[in-house]
Amino acid sequence: MELGALVVTQGSHGTQQIDNSTLPVLGKTVLDRWVERVQGLGINLLSVVDSDLLGSDRLHTMIDWAKKGVDQILLILVGSYSDVDLLDVVRFHHEGQHRITRVFDPLGPLGISLLDRQIILNSNFETHKLGPAGPSTRYDFLGYSVRLSSPSAYRKLVEDALEGRCDVKPNGLEAERNVWIHPAAHVNPSVRLEGSCYVGAYTRLNPGVVLRGRSSVEHNCDIDIGTTLDHASVLPNTYLAPGLCVRNSIIDGTRLENLDRGISVDLGPLGLSGRKKPISIPSSTPSVIRNRSLGETSFCVQVPIVPDAVDRASAQVEANGQ
Amino acid sequence: MISNGMVVVKQLPDGRARRKRREFLAEIKQLARESYRPQLIVDLPSRKLTSEVLDLLLSCAEQMEKSEGRVSVAGASPEAAVILELTQLTSVVNVFPSVSEAVGIDASRFGSEDLNDGRHLAA
């Protein structure tokens, strides 16, 4: 029984809106985490596409796979994160001999579906609708899930992950209880890490910096002297000036999203933050699957599993019994 | 003569006009010299916060501190309020939604007298 998986990102819909699924959450994006879980099922036929792509194009891909003999396709619309056990969804689908299985939580559909080959082959290409399969079957999931529809939802996922309330594992080493630091981060000895927090790869925390309130700093950031982060997240490649106090906010380069007031402020003209030159971080997700083109040859790829530096470091720590 | 508890409402000059900023600061220095515990209320409607404006606010707070006075900011936009919190200026200036609210609190605590071109308030 061959399975394929199509993972569809939120896309920008032609606006300035940020696609939360492509923002790192404690070192890895939600998209990367979904891809890893799909890989964990042993699915090698995997494609990641942007939702900006026309529905007909996505359907075309699935039909193409079905014609080539793929028996079932796992379709994941990355608008949410959930701890759902994909293997259990596949098992549920098989045991019930369902044609379409859709995963729901108490708030509604989670954007995860498992489709049978025959349904896809019978689909209506003109209307972008799947074939006449009758009603789909619900798979009810009562575990952890969060819809990534707002900056607040992003912060909730970060906080829940740091507190161990979901299966998102920080991409780093646990220096103390719930304090996660990537081996490639530089943390000055005078930095105060109060409670759960995360420091990403190649990030520099300068003297006197304070992290509290389940704050996170993603990779390649530079937090200058004496700045305090309280219930805040700093996205990759961001510089923060000295002596600031960032509360209940997300900062991405020069843009600050204040969650208390629900407003966005440009800090660039004030020189309070800046965008650093990006660096490439080794990832377990090969870049080829991020190809958004519809070229048939580049659309479907075999995905090798490449452990990254942290996985190796973690393995080393475990091997040393630390 | 030293005035006690004077309340003065002023608008900040354009952050880009250096001469006006100097003149403004000179007035504040005079206020600080000639009064005890003065209350300076800076009206900020639609004024975009630039680094020069932040610098000026800090200088005002410094001058007021010399005569045990206090600076309040009124009418700041939500964006400006966020920046004041971010830069921790809220530890040296009070922030109010409007001048009337700033005055309502200030006037109950302080008296007032006239001062040149500022708006002056009775206690």
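Readers should treat all values here as calculations from the given coordinates under stated rules, not as data from a laboratory. Remember, predicted model here, so these are calculated numbers, not experimental data. With ideal geometry, Cβ positions are generated from the backbone for all residues, glycine too; neighbour counts draw on all protein chains shown.
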(request) Check the straight Cα-Cα distances from B:K29 and name the lysines below 18 Å, setting aside those fewer than 8 residues away within the same chain. (result) B:K10, B:K20, B:K66
(request) Take each of the peptides A:223-232, A:188-197, A:39-48, average the number of other beta-carbon atoms within 10 Å over its residues, and list them starting from the highest. (result) A:223-232, A:39-48, A:188-197
(message) For A:L173, what residues show an amide H to amide H distance below 5 Å, using hydrogens built from the backbone and excluding near sequence neighbours?
(response) A:I181, A:H182
(request) Could you work out, residue by residue across A:245-256, how many beta carbons of other chains sit within 10 Å of that residue's beta carbon, and then give the average as an integer? (result) 2
(request) Using only atoms on other chains, find how many Cβ atoms lie within 10 Å of each Cβ of peptide A:29-41 and report the average. (result) 0
(request) Would you kindly state how much longer the chain becomes between B:R37 and B:S51 on full extension, computed as 0.36 nm times their sequence separation minus their alpha carbon distance, in nm to one decimal? (result) 2.3 nm
(message) Give me the percent relative contact order of segment A:118-250, please, defined on Cα pairs under 8 angstrom at least 6 residues apart.
(response) 14 percent
(message) Could you compute the net charge surrounding A:L115? Neighbours are other residues with a C-beta less than 11 Å from the C-beta of A:L115; K and R count +1, D and E count -1.
(response) +1
(request) Could I have the simple spin-label model distance between A:D50 and A:A153, label points 7 Å from Cα toward Cβ, reported in nm to one decimal? (result) 2.0 nm
(request) Once you've got the Cα coordinates, tell me which of A:K28/A:K276; A:K156/A:K277; A:K28/A:K68 are over 23 Å apart. (result) A:K156/A:K277; A:K28/A:K68
